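The values are calculated or read from the model by the stated rules, or taken from the named source; none is laboratory data. As the structure is a computational prediction, the values presented were derived from the model and not from experiment. Because the Cβ atoms are built from the backbone with ideal geometry, glycine has one as well, and the counts that use them run over all protein chains shown.
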């Protein structure tokens, strides 16, 4: 198929696009052109790159035209953050694309009142980002059930992988925490440190998108949690505003639906996924540790 990936050089696209090329799809990547993918592999030589600023073109009301002109069979939208933007794309692609896949977020769920969380069973989201992601997912389901565009939304946890700093065991991006842990020094923590975070490796998210494309019939009109098979609690976490944003929701999601309908099977547990991110930072001189970090 001819597949357009919006935001193709980001975290997920870095792993998704090579997967799609290996599956012998014709792949086009839309991005602002500011940087390359996080990892370079030979498959990128077979990708057509299209430069477009999503935010600017949304403001001008022309982004949907940009996508439609590429004549895609499938569109994977990895960088849509508002209901207005998602709705405009759906309305432009109605009748012109066979499958539209959207990247949501586990922040579509608010603070956990019971775990694990199944699709559609979490509490109401808090914060504009989560609220918008939830509204988009609901709109897409309604669009498909009404006979419009065939859609699927996938909702990753905290994405980790080589090339960027992970949301770490303090619930934020503070790299000093890894040095403290590597030295065996104590960290002060809020409360009991039993709040949950649910990570997922970027390649496992890519796997889920690839499987949703391959299994369109079972993915039609569905929303899927896309996380590791297990969640981690956050003992040893430091506490600041970003930490609290990640910790107080205390998410633990179930992937039973994605496993049964798509065959999704994450290759990474949270510990190994985060460790891979941290080792990349160490190897690229972005993080100094006193002793080796291990799982």
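Restricting attention to region 252-267, the residues that are within 22 Å of residue 111 (Cβ to Cβ) and either at pLDDT below 90 or assigned to a helix (DSSP H, G or I) (or both) add up to 2. The condition of being assigned to a loop (DSSP other than H, G, I, E, B) and under 21 Å from the mean Cα position of the chain (by Cα) does not hold for residue 186.
Among the residues of region 86-112, those identified as within 19 Å of residue 55 (Cβ to Cβ), touching a strand residue (DSSP E or B) at 6+ places or on another chain (Cβ under 9 Å) and part of a helix (DSSP H, G or I) are 86, 89, 90, 93. Pairs are defined by a Cβ separation below 6 Å, a sequence spacing of at least 6 or placement on different chains, a first member in region 1-12 that is over 13 Å from residue 50 (Cα atoms), and a second member that is assigned to a helix (DSSP H, G or I); the pairs so defined are 11/202; 12/202; 12/205; 12/206. Scanning region 149-173 for residues being surrounded by fewer than 18 Cβ atoms within 10 Å (Cβ to Cβ) and more than 21 Å from residue 78 (Cβ to Cβ) gives a total of 0.
Annotation: of all residues in region 19-52 being out of contact with any helix residue (DSSP H, G or I) (no Cβ under 9 Å at 6 or more places or on another chain) and in contact (Cβ under 8 Å) with a residue 12 or more places away in the chain, the one that is surrounded by the most Cβ atoms within 10 Å (Cβ to Cβ) is 28. For region 176-188, the set of residues classified as touching a residue at least 40 places away in the same chain (Cβ under 8 Å), over 9 Å from residue 289 (Cβ atoms) and surrounded by fewer than 18 Cβ atoms within 10 Å (Cβ to Cβ) consists of 184, 187, 188, listed by residue number. Check whether at least one residue in region 99-112 is crowded, with 23+ Cβ neighbours inside 10 Å, in contact (Cβ under 8 Å) with a residue 60 or more places away in the chain, under 19 Å from residue 201 (Cβ atoms) and out of contact with any helix residue (DSSP H, G or I) (no Cβ under 8 Å at 6 or more places or on another chain), and report yes or no. Yes, region 99-112 has at least one match. Checking each residue in region 260-288 for being more than 16 Å from the chain's Cα centre (by Cα), surrounded by 15 or more Cβ atoms within 10 Å (Cβ to Cβ) and more than 17 Å from residue 162 (Cα to Cα) picks out 261, 262. When region 53-78 is filtered for residues that are closer than 19 Å to residue 19 by Cα and touching a helix residue (DSSP H, G or I) at 6+ places or on another chain (Cβ under 8 Å), the ones remaining, listed by number, are 74, 75, 76, 77, 78. Yes or no: residue 200 surrounded by 24 or more Cβ atoms within 10 Å (Cβ to Cβ), in contact with a helix residue (DSSP H, G or I) (Cβ under 6 Å, 6 or more places away or on another chain), over 15 Å from residue 77 (Cα atoms) and modelled with pLDDT of 95 or more? Criteria not met by residue 200. Farther than 19 Å from residue 7 by Cα and modelled with pLDDT of 95 or more: is that true of residue 141 in this structure? In short, yes.
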